[in-house]
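Structure record follows, encoded as structure tokens.
The values are calculated or read from the model by the stated rules, or taken from the named source; none is laboratory data. Computed from a predicted model, the values in this text were never measured in an experiment. Positions of Cβ are generated from backbone atoms using ideal geometry, with glycine treated the same way; all protein chains shown enter the neighbour counts. The protein model used for the area step is the full one, side chains on, heavy atoms only, and it has no ligands, DNA or RNA in it. Shrake-Rupley method; radii C 1.70, N 1.55, O 1.52, S 1.80 Å.
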Amino acid sequence: MSAFEPSTIVDQGMSVRNLLDTAFAQPAAPATRDSGLTFTALTSGAWKEFLLGPGAGPGRSGSWDEQLAVLWKRVVAECGEAQRLANEHAIDWELAPHESKAVLALCGPDDVIIDVAAAALATQREQWELERRFAQIHRRLPSDLSGLVPADVGALRSGLLDEQDFRTSTYTVQQERAVRWLRALTGTAAYLAAVHMVPAPLALDVVTTAPLDEPTRDALRLPAPWSLITHDAVPLRAAQADDDELAALIEDGVCVGLEPVILGGLLASQPDGRLDTTSGFLLISSLDATGKRCQVLQPTAYGDHGGGRVLYGYAAQLAFARWTQPPALPDPGPRPTSRSSLGRIATSEAGRAGGFHGVRVLDFTPPPEGPPEQRTAPTGSRGPLVVGTWRRAHWKPGVRIGIRDSDGRLVGPVYKDGAVEGVTFTRERRFFLRARVRADLPLAPATPVYRIPNPGAASR
């Protein structure tokens, strides 16, 4: 028998799938698709299908809770709480039954109840308090969450938790256990994560990136065990739109109103850097019943459904894009956490650029364009094009990149005669923004370029 017995209070009776019914009860999202998918509230199966994929109907529990339990086991170890349990209470965290339930509390020697959730969060409390103070000094978040800067990461991340989360719980109210478990898991992991920010002009393209091909998915390598990526608000309806709907949104101007929006995500990697697809999390914001904006990291499955495609789009940016390193902060002085020191940092260029939070910013530079491709009209062609289209943002493998010398000059041709792979050019994956194809022509009423699969449509 192990040195401890799991207490009865560890039995997490409320499924995470049921938790999705209560996380964002207000307001309703006014997004309707021709296919019949309507976002009305999280009581509908459509929300769960967006986050977890087809088959995630209302009230279904099971394996998803077990997947999150695996990540919870990992987070408690990585934040240092597992080692403290071993040192102070002779408890082996590896022996707790993580794969079957959420271990929120343990009954240790002498019947001492140890609140694991509170203890894990306590390891990040100092950073949370400091980040929250910085956010109060820096500025209030824009009401429409537009024009975010790297220094706003503190307000976004600290807003995931509140004072109540750090307090020891009795777990007497069964309905609150899953909520506490999920907040402890995501809140702790968010502070263990390396932070990345996508500039505002790229937010929509990153969220609506076309599905990755299998070789690109296999090549994904993340820069840290946990990565938090943030950006300006993108309406959730844009993330679940097909090509025709997305083109219409772009033409109309994507507007952020009262509906839920996506602000980023939290991704994990395996020890070798490969993407850990056990689960990801989308940072979703909405207004509560009082009109106050809140944000929550929602469990999201990787896959070919709406939320899963967004996670893969984030992973591709983390794996293949260039990111600037956090700038060095000015000398904070003898009292680095005082209000005056934080104020100096908040008003400094390095502070606004995310140096205080260690933010890496996406540095996107379009690849050099090759010569125009010569096309001949195919047999049976109906004639010249009469309409234009929108091409969804996408990753393209095998793009030729010219090799340069120490002075930054190309060492040889990239496309023309004499171009030699490995000598004058290499090949890389590159990200291409959404583009208007033949902008001189009117848009077609419905002309898909990248058709997003909708596996659940046939079952509706």
All lysines inside 23 Å of Lys48 as judged from Cα atoms, apart from same-chain residues fewer than 8 positions distant: Lys101
With DNA, RNA and ligands ignored, accessible area of Leu222 (1.4 Å probe; Å², nearest 10): 20 Å²
For segment 329-345, Karplus couplings with θ = phi - 60° (6.51, -1.76, 1.60), whole Hz, Gly/Pro x: 7, x, 4, x, x, x, 10, x, 9, 6, 5, 5, 5, 5, x, 5, 5
Whether segment 180-289 is rounded, prolate or oblate, judged on the alpha carbon gyration tensor where a/c under 1.5 counts as rounded: oblate
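Please give the contour-minus-distance gain from Leu410 to Lys292: 0.36 nm per residue of separation, less the Cα-Cα distance, rounded to one decimal in nm.
Numbers: separation 118, 0.36 × 118 = 42.48 nm, distance 5.39 nm.
The Leu410-Lys292 span can extend by a further 37.1 nm.
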Shape call, segment 289-329: gyration tensor on alpha carbons, a/c limit 1.5: oblate
Using θ = phi - 60° and Karplus 6.51 cos²θ - 1.76 cosθ + 1.60, couplings along segment 261-275 (whole Hz; Gly, Pro as x): 10, 9, 10, x, x, 10, 10, 10, 10, 7, x, 8, x, 5, 4
Proximal lysines relative to Lys396, as straight alpha-carbon distance under 21 Å, when same-chain residues fewer than 8 apart are discounted: Lys416
Listed peptides 108-121, 398-411 by packing density, highest first (mean Cβ within 10 Å): 108-121, 398-411
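Rounded, prolate or oblate: which fits segment 154-232 when a ≥ b ≥ c are the square roots of the eigenvalues of the alpha-carbon gyration tensor, with rounded for a/c under 1.5 and prolate only if a/b beats b/c? Show your work: numbers first, answer last.
On the way: a/c = 2.51, a/b = 1.96, b/c = 1.28.
Since a/c reaches 1.5 and a/b is larger than b/c, the shape of segment 154-232 is classed as prolate.
Between Val420 and Ser338, what FRET efficiency comes out of the Förster formula 1/(1 + (r/R0)^6) with R0 = 45 Å and r the beta carbon distance, rounded to 0.05? Numbers along the way, then the final one.
Values: r = 59 Å, r/R0 = 1.32.
For R0 = 45 Å, the calculated efficiency reads 0.15.
Calculate the FRET efficiency for Arg322 and Glu99 from the Cβ-Cβ distance with a Förster distance of 30 Å, rounded to the nearest 0.05. List each step's numbers first, then the result.
Numbers: r = 38 Å, r/R0 = 1.28.
Rounded to the nearest 0.05, the efficiency is 0.20.
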Two-site label geometry, Glu129 and Thr347: point separation in nm, points 7 Å out along Cα→Cβ: 2.6 nm
FRET efficiency, 1/(1 + (r/R0)^6) with R0 51 Å, evaluated for Val173 and Ala248 via beta carbons: 0.70
Label-to-label distance, nm, for residues given as Asp331 and Ala435 (7 Å Cα→Cβ offset): 5.0 nm
Sequence-distant residues sharing a close amide H with Ile401 (under 5 Å, placed H): Thr426, Arg427, Glu428
Whole-Å distance, taken between Cα centres, linking segment 117-176 and segment 298-353: 15 Å
